[in-house]
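Enquirer: Structure below; questions to follow.
The values are calculated or read from the model by the stated rules, or taken from the named source; none is laboratory data. Treat the numbers as computed from the prediction; the structure is a model and nothing was measured. Using ideal geometry, Cβ is built from the backbone for each residue, glycine included, and neighbour counts are taken over all protein chains shown. With ligands, DNA and RNA removed, areas are computed over all heavy atoms of the protein, side chains included. Shrake-Rupley method; radii C 1.70, N 1.55, O 1.52, S 1.80 Å.
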Amino acid sequence: MPNVYDVTTWTVPGQPGVTATSDIGAVINSIIAQIKADQPNPASRPGATIYIPPGDYSLKTRVTIDISYLQIKGAGHGFMSLSYRYNSGTSGWAEINPGASRVRVEKTDGNGDAFLVGRSSAPRIASVEFRDFCIDGVNFTPNQNSYLNGKTGIRLSTANDSCRIEGMGFLYLEHGIVAYGADAINITNNFIAECGSCVELTGYGFASKVTNNHVGAGYVGFSVFVEGHEGLLITGNNIFPRGRSMVHLKNASRCSISSNLFHNFYPGMIDMEGGNNNNLIASNHFRRNRENFGVMQAYNNGKDDLYGLIMIRGDDNFVTSNLFYYDVPTANIQPSGARPTIIRVNTGARNQITNNMVSYSNVPFFAVVLDGASTQTKILDSGTAAQIDNQFTNNFTLRPTP
Amino acid sequence: MPNVYDVTTWTVPGQPGVTATSDIGAVINSIIAQIKADQPNPASRPGATIYIPPGDYSLKTRVTIDISYLQIKGAGHGFMSLSYRYNSGTSGWAEINPGASRVRVEKTDGNGDAFLVGRSSAPRIASVEFRDFCIDGVNFTPNQNSYLNGKTGIRLSTANDSCRIEGMGFLYLEHGIVAYGADAINITNNFIAECGSCVELTGYGFASKVTNNHVGAGYVGFSVFVEGHEGLLITGNNIFPRGRSMVHLKNASRCSISSNLFHNFYPGMIDMEGGNNNNLIASNHFRRNRENFGVMQAYNNGKDDLYGLIMIRGDDNFVTSNLFYYDVPTANIQPSGARPTIIRVNTGARNQITNNMVSYSNVPFFAVVLDGASTQTKILDSGTAAQIDNQFTNNFTLRPTP
Amino acid sequence: MPNVYDVTTWTVPGQPGVTATSDIGAVINSIIAQIKADQPNPASRPGATIYIPPGDYSLKTRVTIDISYLQIKGAGHGFMSLSYRYNSGTSGWAEINPGASRVRVEKTDGNGDAFLVGRSSAPRIASVEFRDFCIDGVNFTPNQNSYLNGKTGIRLSTANDSCRIEGMGFLYLEHGIVAYGADAINITNNFIAECGSCVELTGYGFASKVTNNHVGAGYVGFSVFVEGHEGLLITGNNIFPRGRSMVHLKNASRCSISSNLFHNFYPGMIDMEGGNNNNLIASNHFRRNRENFGVMQAYNNGKDDLYGLIMIRGDDNFVTSNLFYYDVPTANIQPSGARPTIIRVNTGARNQITNNMVSYSNVPFFAVVLDGASTQTKILDSGTAAQIDNQFTNNFTLRPTP
């Protein structure tokens, strides 16, 4: 078919020894060069599809995508738990590596990014698509539990429009997806786990979606990081441990976080940094318990149980109709003897916290803690009077849960 | 493979000059004729897949699909903003047209529909699938901002069952998708923007889904229009400007609109016409601000700020747990000096509006306005007493937000 | 392409008469044997893709999958309503069978499972993918409305990780999907209807998703059955009639059921068995009316109208922001003259039921019924005082809807 390429049959001009198996990065860059040569007219540059059949592929050379409409497509996300593997034996295991269309990021060329999308010329790159393959960072060295190796799966480095990352697998990368300046990006139906950070929307961005994914970062990073975004929809995701925070908003406004399932071993499950206004956090399920994997109990995100499962910093946010579950052995609560915080309003005016339920806690807790820099908070039906900690301010309205 | 066709290699019997590039419509019609010839037995008509590789394809002849199980599949939604292009220069642009598997609708045969699905014989057409290609209406003439060109991307014209429209791109069509009599249709993960109207479910319909899409209509039409539907699930969508209304219910009942992100420049974001009963509007984020693209500020949907961001017409609807943001410069509020309406109950009995937050407004507003034809409305925790406008009726119950 | 197979071109060694048409099961098993022979090294077993082009395929032999990363992929879910067909005439029908990539399960080998995934060796099977084909159980015999034929579409029989079932069609199977011990399974965007039971997660499981599906079981079984699960996200689904129950939780905890559309002809739409704790049921739409297909009116799930549309058994569950619609002719209410129950708390402590609306009922109803074994239930804004039935206990807190 025209404009359709198979990495396994492509030969790189002048480099007969290079194959998809030896360096899929060099192969894809060579195909992109061919696409550009074949499509000289700006009025007709439909891009192309590059297929990655099931197989193991080394990526020694960073892929650089500076054209729109390129689709890179494989045959499955190929996830398996390397975390479990590295912390256990593999004696007799049938498979010891991820699979499907598996790209092993080797960083041989010194570049940490496996796939770099960006250009300086106009217009913004549009509709680049990554579909159904596996980007495997292979290992964290020397400590497999460090989540550090300087590798990034996909980086969009310049402003971009309507790109898609769908059905992909990411694992053992310090950064799974980093998208700078994203407009209407679509990150859906991926499996992004065992990465330092999973999804990072940086710089600024608009009108995007992170939906229907399985996501779980390491203790050092973010499951979803949202910087300077205006209007991001985060819904239908299963966000599992760990993640320093699971959704981290930094100067992000008018975003919606609804109908997600959150589970973590640390406080700060949704965290806010800077000024974050008019965000909606609705109909989510939050479960916080103790790390249950012995070897990982040495690690955490450095936040104590006074921090809050949700930390609010900003104005006019709406936290409603969420369920919270807290179950940490008394001996593991930090600081010792502390009464855990579920929702904490650290700064900001006119935040509303209504109709939430702490559905279980093994110890007495504060459903809401109001810090001194919070003003005009309204708390309705989100805890009994005794479950609201207002020792630092009297600038609030309360209707306790009867 | 059997029953798999590539539009670029098909030759139309008797028309050697016709190719997918010159008229993909004629090519697909010819393939469909072949499929029908190859599958004479009603007990074994599995249909076929028609592939559209990445490329530019003119559609001069309307495609007519009167068989079930046909899948037409491309290599990406190929969206780029033509609105931005037509209102700016393109000097030095790398690409000036949409891409991927791009079907240019030329309406050369005088038919406005690019793809027409329907038949008069039984049973209803089932499981036709449109996947991952771009339908581009090319231009609105003579005014690129008119959203008028008489072109429709996909029209289902007779009752249909379990069809799928997924991963598609639609742009610069007067109508993106029009589905008459849809049962269990699945419209998911599409990018439907810069069309007059995007999704129109007409006539009647049942048990369908519009989920996980990026959608944004022009000021003349509807992002999602729902006529006579019984049970439609609209969830997980990012519905961005503009759209005369973003969800327009006309005699539609038992629908659910939840966990969506809505942003528009006009009132009437969710609008109801006729009698609409037992609908749920929950956990959505609504943002209304002024048109920020200078060239488009001349246009709007003709509704003033008294109309309401949500307009209720019907009985027993439930509006709950939504966040509303309103920020329009005083000089642009219509009528001048008006106090904007967030939720308006125009007609109908027993509507409930509970636990909503207006998270920001730059001017004093009414959270709820009750018109004289509204009765027995219940308003709980959705605004202070001063934010409820009940001058036209005293037939309501109020528990103001404390 | 390497590791890519087409069932229509494969020949089974030693069995020249076997084709995909005659027995796709034998063909796929033979391909799997080849994959295993080709991938002897546990460090590089990427699996493979097996394509099923559009066509009719008999499955006489059960497929056994004991490797990770296998993707089986077709060209569409191919659904048509066999229920309608078997209960009507087909005179003049253009198609009388399901289509696309249609696998007919014939159970010739005596095995009820069409696709069996499992193995006893380590590690757990991971990332097996079923995509976009149709598994058709063909008939229920002798009674086409019995939903009984001993056939199962896909069974995962041993603990598994990160598997995907997406875009599939299932019909006329006694069991659509049965997954034992699922971790992070992804069941999304399927059409699973006219099966005895549709999705059954058995044994135990973790951190999984059932999202964005069309689902509808028979009166004998479950649309979604969840046993022993810890953390399941059920969101964005359209779950239509019938189903003995539509979500059945059995000793399942920390699950979230949000933003779904539920429609059924029987009580017990969400049912709980055993102890089910800390589950969230939020922002869903529930519609219960009378069976409207005459031939099916003889069948039901045996539950009467006192059972509740939602039955709670367990502690600390949160039912909030849901809309309920009830419309059953007086003559069909069971027991005769009963006042129907919307939400029933049968057992358990500290359940909260807040901010729900019964948006319509044609007869007087109880919004909440508290049985004698329920304790400390909190009911806020979910019905007037007269709509709460507390004759069996006074161990509750009530703030009636004003």
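Enquirer: Per residue of region B:268-278, in order, report the coupling 6.51 cos²θ - 1.76 cosθ + 1.60 (Karplus, θ = phi - 60°) as ³J(HN,Hα) in whole Hz, putting x for Gly and Pro.
Expert: Per-residue couplings from phi come out as x, 5, 10, 10, 10, 10, x, x, 10, 10, 6 Hz.
Enquirer: Indicate the gyration tensor shape class of the protein assembly as shown (rounded, prolate or oblate), computed on the Cα atoms with a ≥ b ≥ c the square roots of the eigenvalues: a/c under 1.5 is rounded; otherwise a/b larger than b/c is prolate and the rest oblate.
Expert: Rounded, because the longest to shortest axis ratio a/c is under 1.5.
Enquirer: Work out how far the C-alpha atoms of region A:1-93 reach from end to end along every principal axis, then list the three figures in whole Å, largest first.
Expert: Its Cα atoms span 55, 27, 23 Å along the three principal axes.
Enquirer: Net charge around residue A:276, counting only other residues with Cβ within less than 9 Å of its Cβ (Lys, Arg = +1; Asp, Glu = -1)?
Expert: Local charge sum for residue A:276: 0.
Enquirer: Measuring from centroid to centroid over Cα atoms, what is the spacing of region C:40-81 and region A:180-194 in Å?
Expert: Comparing the Cα centres of region C:40-81 and region A:180-194, I get a distance of 27 Å.
Enquirer: Can you work out the Karplus-derived ³J(HN,Hα) for every residue in region B:363-371? Use 6.51 cos²θ - 1.76 cosθ + 1.60 with θ = phi - 60°, whole Hz, and x for glycine or proline.
Expert: Along region B:363-371, the couplings run 9, x, 9, 9, 5, 9, 10, 9, 7 Hz.
Enquirer: Here is a follow-up. How long are the semi-axes of the equivalent ellipsoid of chain C, defined as square roots of 5 times the Cα gyration tensor eigenvalues? Whole Å, largest first.
Expert: 42, 24, 15
Enquirer: Taking region C:67-184 on its own, what percent of its Cα-Cα pair distances exceed 20 Å?
Expert: Here the long-distance tail beyond 20 Å is 46 percent of all Cα pairs in region C:67-184.
Enquirer: Using only protein heavy atoms and a 1.4 angstrom probe, determine the accessible area buried between A and B, summed over both sides, in Å² to the nearest 100.
Expert: About 4400 Å² of accessible surface is lost on pairing.
Enquirer: Add +1 for every Lys or Arg and -1 for every Asp or Glu among the other residues with Cβ under 11 Å from the Cβ of residue C:97, and state the total.
Expert: In short, +1.
Enquirer: Which aspartates and glutamates have a Cα lying under 20 Å from the Cα of residue B:378, excluding residues fewer than 8 positions away in the same chain?
Expert: Within the straight-line cut-off, residue B:378 pairs with A:381, B:271, B:315, B:316, B:389, C:381.
Enquirer: Let a ≥ b ≥ c be the square roots of the eigenvalues of the Cα gyration tensor of region B:269-402; is it rounded (a/c under 1.5), or, if not, prolate (a/b larger than b/c) or oblate?
Expert: Verdict is prolate for region B:269-402.
Enquirer: Counting each DSSP H run of 4 or more residues in chain C as -39500 (n - 2.57), what helix-only mean residue ellipticity at 222 nm follows after dividing by all residues, to the nearest 500 deg cm²/dmol?
Expert: Counting only the DSSP helices, I get -2000 deg cm²/dmol.
Enquirer: On C-alpha positions alone, give me the angle between the axis of helix A:20-38 and the longest principal axis of chain A, in degrees, nearest 10.
Expert: Between the helix axis and the principal axis of chain A, the angle is about 80 degrees.
Enquirer: A further question follows. Structure shown: which of C:209/C:250; B:209/C:209; A:73/B:209; A:209/B:73 lie over 21 Å apart, alpha-carbon to alpha-carbon?
Expert: From the list (C:209/C:250; B:209/C:209; A:73/B:209; A:209/B:73), the Cα-Cα distance tops 21 Å for A:73/B:209; A:209/B:73.
Enquirer: Same structure again: What stretch of chain B, leaving out the sites themselves, is the longest with no chymotrypsin sites (Phe, Trp or Tyr not before Pro) in a DSSP loop having at most 15 other Cβ atoms within 10 Å?
Expert: Counting at most 15 other Cβ atoms within 10 Å as exposed, the longest clean stretch of chain B is B:1-292.
Enquirer: Please report Rg (one decimal) and Dmax (integer) in Å for the Cα set of region A:362-402.
Expert: Values for region A:362-402 (Cα only, Rg and Dmax): 9.9, 30 Å.
Enquirer: Net charge near residue C:108: determine it from the other residues with C-beta under 12 Å of the C-beta of residue C:108, scoring Lys and Arg +1 and Asp and Glu -1.
Expert: Combined, the nearby Lys, Arg, Asp and Glu give +2.
Enquirer: What do you get for Rg/Rh over region A:195-292 if you use C-alpha atoms and the Kirkwood form of Rh?
Expert: 0.93
Enquirer: Note down the relative contact order for region C:331-402 as a percent, whole number, built from C-alpha pairs under 8 angstrom at least six residues apart.
Expert: With pairs under 8 Å counted, the relative contact order is 31 percent.
Enquirer: Per residue of region B:143-151, in order, report the coupling 6.51 cos²θ - 1.76 cosθ + 1.60 (Karplus, θ = phi - 60°) as ³J(HN,Hα) in whole Hz, putting x for Gly and Pro.
Expert: 9, 5, 9, 7, 6, 10, 7, x, 9
Enquirer: Tell me whether region C:310-376 comes out rounded, prolate or oblate; compute the Cα gyration tensor, take square roots of the eigenvalues as a ≥ b ≥ c, and use a/c under 1.5 as the rounded threshold.
Expert: oblate
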